[in-house]
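Chemist: Sharing a structure with you now.
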């Protein structure tokens, strides 16, 4: 084998090991701490009317060394997921998509009714209360982290 072929084989083998190192086992209620983002109290609240979007609420903290931004979210099995927030516009409270969520070291952010939240569209009918769903956040640069959110019925305390 020439030196380029050997380098390619070693590079591919090393890449596989590196990929394994980036996905440590994490408890269902904790986020992947490699990114410095901590998630607590994550819950997906089902819609009162079947077919309407569900919402995810949680508490987030950031302990990274430098700023980052949460750019997107996804939920396993859902058709579409969007970062949303409620804000005032012309004297009225309106909800809509939000841009990337900038996180500085030490930040704590609540995703709660009437504020920031994750909207989940096209959730499968098989998702039922007391199950967990996998939520994945994508941050600037493309890194991803996943965590579990407990499914709650529409009328449950948020």
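Chemist: Tell me, which residue of the stretch 61-81 that is crowded, with 16+ Cβ neighbours inside 10 Å and either more than 16 Å from the chain's Cα centre (by Cα) or in a loop (DSSP other than H, G, I, E, B) (or both) is modelled with the highest pLDDT?
Modeler: Ranking the qualifying residues of the stretch 61-81, first place goes to 78.
Chemist: Being surrounded by fewer than 18 Cβ atoms within 10 Å (Cβ to Cβ), at pLDDT 95 or above and closer than 17 Å to residue 146 by Cα, is that true of even one residue in the stretch 82-98?
Modeler: The answer is yes; a qualifying residue exists.
Chemist: Whether any residue in the stretch 9-20 is part of a loop (DSSP other than H, G, I, E, B) and either closer than 19 Å to residue 141 by Cβ or modelled with pLDDT under 90 (or both) is what I want to check.
Modeler: no
Chemist: So residue 46 passes all but one of these: (1) in contact with a helix residue (DSSP H, G or I) (Cβ under 7 Å, 6 or more places away or on another chain); (2) modelled with pLDDT of 95 or more. Which condition number does it fail?
Modeler: (1)
Chemist: Got a number for residues in the stretch 142-158 being without any contact (Cβ under 8 Å) to a residue 40 or more places away in the chain and surrounded by fewer than 12 Cβ atoms within 10 Å (Cβ to Cβ)?
Modeler: 2
Chemist: Please count how many residues of the stretch 106-127 are exposed (fewer than 13 other Cβ atoms within 10 Å of the Cβ), modelled with pLDDT of 95 or more and in a loop (DSSP other than H, G, I, E, B).
Modeler: Counting residues in the stretch 106-127 that are exposed (fewer than 13 other Cβ atoms within 10 Å of the Cβ), modelled with pLDDT of 95 or more and in a loop (DSSP other than H, G, I, E, B) gives 1.
The values are calculated or read from the model by the stated rules, or taken from the named source; none is laboratory data. None of these values were measured; they are calculated from a predicted model. Every residue, glycine as well, gets a Cβ built from its backbone with ideal geometry; the counts of neighbours run over all protein chains shown.
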